[in-house]
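Inspection log for the structure reproduced underneath, given as structure tokens.
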Amino acid sequence: MIWRPDLGKSFLLDLGQKTYTESKVSEDRSAPPESDLEAVERELTDSQSPDSVQSRMLPDEKIEGRQCAVYETRVVYVGGSSEVIRTHRDKETGLILRQEISEASGRSVVTERKEVTLSVSPDMFEVPADFKRTP
């Protein structure tokens with residue numbers, strides 16, 4: 001995925017088929033985590049559809065020296081399984097810097113972005129010229 005908030009777009013690439021799809025990204029940096037990137041990721045997974053989703057804001061926290069909005073999302077799936085997702089979204093860039101997913105079974109996964117750099121040339125994040133856009 002190429003995420004270009006400066007263009008208001010994200011690009012999901014299929015490296016095998018040399019194709020990509022383009023989506024709009026929200027400019028609202030304070031939007032709950034189910035916006036943009038997570039919504040795209042949820043669409044791409046084979047996971048079951050949630051029966052209910054409840055989100056709430058928690059107090060802001062600093063991750064890697066960056067001020068983050070923190071959200072907790074409780075998801076209950078058809079059949080009764082559930083998970084709690086705690087997301088730390090950088091207030092300046094909108095990037096998710098840390099996400100903790102805890103299942104009712106006790107299993108958990110933590111994903112973190114480290115060494116976030118904002119001074120990267122946009123040219124490094126272009127869709128390759130030989131890729132074709134799909135609807």
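Coordinate-derived values only; no laboratory data. As the structure is a prediction and not an experimental result, all values here were calculated from the model. Neighbour counts are summed over all protein chains in view; Cβ atoms, including those assigned to glycine, are modelled from backbone coordinates with ideal geometry.
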Roughly what would the spin-label model give for Ser49 and Ala129, points 7 Å off Cα along C-beta, in nm? 4.4
So who's got an amide H within less than 5 Å of the one on Lys9, skipping anything under 5 residues away but keeping other chains? H placed 1.01 Å off N, in plane. Arg4, Val25
Under-5 Å amide H pairs with Ile63, H placed in peptide plane, nonlocal only: Cys68
Among Leu7, Leu97, which comes first, second and so on when ranked by fewest other beta-carbon atoms within 10 Å? Leu7, Leu97
Step through the residues of the stretch 97-113 one at a time and calculate ³J(HN,Hα) from phi using the Karplus curve (6.51 cos²θ - 1.76 cosθ + 1.60, θ = phi - 60°), rounding each to whole Hz and writing x for Gly and Pro. 8, 8, 9, 10, 10, 10, 8, 4, 5, x, 6, 9, 9, 10, 10, 10, 9
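Taking loop as defined by DSSP and a crowding limit of 11 other beta carbons within 10 Å, which trypsin sites (Lys or Arg not before Pro) in the stretch 42-124 fit? Let's see the in-between values first.
Working: sites: Arg42, Arg56, Lys62, Arg66, Arg74, Arg86, Arg89, Lys91, Arg98, Arg107, Arg113, Lys114; in loops: Lys91, Arg107, Arg113, Lys114.
Answer by residue number: Arg107, Lys114.
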For Tyr77 and Asp14, calculate 0.36 nm times their separation in residues minus their Cα-Cα distance, and state this gained length in nm to one decimal. 19.8 nm
Segment Arg56-Arg4, length gained on full extension (0.36 nm per residue, minus Cα span): 16.0 nm
For Val78, Val84, ascending order of other Cβ atoms within 10 Å (fewest first) is Val78, Val84
